[in-house]
Structures are given as structure tokens and as C-alpha cells.
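We did not get these values from a lab; they are worked out from the coordinates using the rules stated. On a predicted model such as this, the values are computed, not experimentally measured, just so you know. Cβ atoms come from the backbone with ideal geometry, glycine included; neighbour counts cover every protein chain shown.
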Amino acid sequence: MKLPAIVVHGGAGSWKDDRIPIGLAEVENAAKVGFRILETGGSCLDAAEACTLYMESCGKLNAGLGARPNSDGEKELDAIIIDGFELKTGAVMAVKGIQNPTSLARYVMEETEYVMFAGEGARRLYDRMMSEGYRKEAEHGAIQMPLLEEGGDTVGCIAVDVGGRIAATSSTGGISEKLPGRVGDSPVFGAGAYANKVCGATATGYGEHIVRVVMCRMAVQYYENGASIQKASDMAIELLERDTGSEAGIVMASANGDFGKSTNAKAMPTVAIRENIDSIERFTR
């Protein structure tokens, strides 16, 4: 076993050559944030949230502060977080006026009886979350998390803690110039992300097509059926390409710390850290 473990991507797509190193550096920073929580015995959920919060707050990836605006010039954010051990999830869709939707998604999962909120309802729930002290703001709409001690496309991570418990996230601003109210795959359980007690996966790419093949659940199913985790990742991308003709990326991690990644896009900055902070593996696609 190679635990704890975290694997993080910054989005798959047609990255400009000079942007790839920038994206990879931010993904590495995010992975280190999450791994430091894991190596001190922290939970996979805390690590996954903090890691994704970093990417939402860095301003250089298509999530949170750096999200692409819709056709009205507004940022509408989608996010999901999954507790694989309990098979629980929380998601928010098309929410405006905040920076860190992943923290709100976790509030949905842990503090409500529901699993998904959208639009103005999600924004009102954010206000309730703040009034209850579940999270604090560094400034209006931006979360200040005590877990976070330092400072493309959809971002996401899979975190596996020392007990082999898995958490998955996905967070995005969506495609450029999308119509207001459009929601892609990122907050859709099983499509944009999935995790159970065995394995977790998170996807990035053209959401309408990822949803059609329920890509992350299929990837985990391939692993459960006996494929290696790398083969399962490849099979998920092959499925998407065969059935939709589209492109995407996926990263996966199992309960024992094995990981896989696959994309048919030009680039997908990805970082994995397992066992100790010095064992960093970096990939540009």
C-alpha cells in the first residue's frame, strides 16, 4: 500500500504551451496542501476540500476566482465533493457571487438532508452556512479555511487517507461563453466524479459528453471488474471517444494508493503524491 495518497489535475484541454508549466505548478501546490493534511493523519475529506480550495483561489485555473465567465459576463460555478466510504455526496450548480463552491458542496453533504442545490437556492444556502459558522470568509464570497495554511479547465482531486478512505472533488466555471444556467458534468455524481470504498475518479473535459457515458462511474466499474487502475482510466477515455467522439481527461486512485490517469486532449497537468511529500510525480498529460 502507498498511503496516504493524493492525485490532482488542473484540467484537460488545448492548453497554450506557455500555460502548461503554470498550471502544473499550481496543481503541485494544491497537491502539497492536501497531502500535508493527510500525512498528519487528517481525513481524506479535509485534504480534498483544502486541495480544491487552493485551486479555486489561485486564479490561474478554470475554477473559483479563475473561472471563465458565461455569455452574460458572470461566473457561475459548479462543484461536487464525495465521501467514498459513506457513499455520500454534496453538489452545487450555477451558483454566483462566491469563490469556493467546494466548501458549500461539503456543507450540503454534511449539514443538509439533500445532495444538490442550484442557482439562487445554492447562494442562499451559502449565506446560511456562513451564519452558522461552518466556514469563515477571508473576504466576501471567499472562504478562509483553517486547513489551508499557505497559499485549463475543470479541476479535481482524489485523496486517500491513511485508513484507505477515499474522497473525490470536481470544481469548475464551465465552458467559455456558456449560456446562463448551463451545468456540465462536474457536479453530477457518477459523471464528473465518483468514489466508493474501492476507488475514486474525477473527470475533466466537455461535460455534455462526459455525462452521456457516466464516465467516472464506468471507470471505477472497470477497476472493480479486474482492470488495473491505469487500464480502467484508459478504458474510460476510450469509451468516451468511441461513443461521443469527444475529448476529456480522468484521474483515479484506489484505496491502496494506486493511481491512474488518461486523456486524449493535448494536456492535463497532473500531480500525484504517495507515502511522503518528497515522492512527487508530475505529468503534463
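Summing Cβ point charges (Lys, Arg +1; Asp, Glu -1) relative to the Cα centre of the stretch 213-285 gives a dipole of roughly 140 debye.
Would you pull out the residues with amide H under 5 Å of MET116's amide H, same chain only if 5 or more places away, H placed 1.01 Å from N? Amide H to amide H, under 5 Å and 5 or more residues apart or across chains, MET116 pairs with ALA91.
Summing Cβ point charges (Lys, Arg +1; Asp, Glu -1) relative to the Cα centre of the stretch 1-155 gives a dipole of roughly 160 debye.
Using a cut-off of 27 Å between Cα atoms, the listed pairs LYS2/LYS96; LYS2/LYS75; LYS178/LYS266 include LYS2/LYS96; LYS2/LYS75 as exceeding that distance. Taken about its Cα centre, the chain carries a charge dipole of about 300 debye when Lys and Arg each add +1 at the Cβ and Asp and Glu each add -1 at the Cβ. With contributions of -39500 (n - 2.57) from each DSSP H run of at least four residues, the per-residue ellipticity at 222 nm computed over the chain stands at -10000 deg cm²/dmol. Whole angstrom only: what separates the Cα centroid of the stretch 1-71 from the Cα centroid of the stretch 217-283? With the stretch 1-71 and the stretch 217-283 each reduced to a Cα centre, they are spaced 16 Å. Run the paramagnetic zone check for SER279: 7 angstrom along Cα to Cβ, then residues of the stretch 40-82 with backbone nitrogen under 18 Å. Once the point is set 7 Å along Cα→Cβ of SER279, 40-42, 44 turn out to lie under 18 Å by backbone N, inside the stretch 40-82. Peptide packing for 128-141, 68-81, 191-204, 260-273 was compared via the average number of neighbouring C-beta atoms within 10 Å per residue; ordered from the highest value, the list is 191-204, 260-273, 68-81, 128-141.
Label positions at VAL115 and ARG19, each projected 7 Å from the Cα along the C-beta direction, are separated by 3.3 nm.
Sorting 210-218, 46-54 by average packing, meaning the other beta carbons within 10 Å per residue, from highest down gives 46-54, 210-218.
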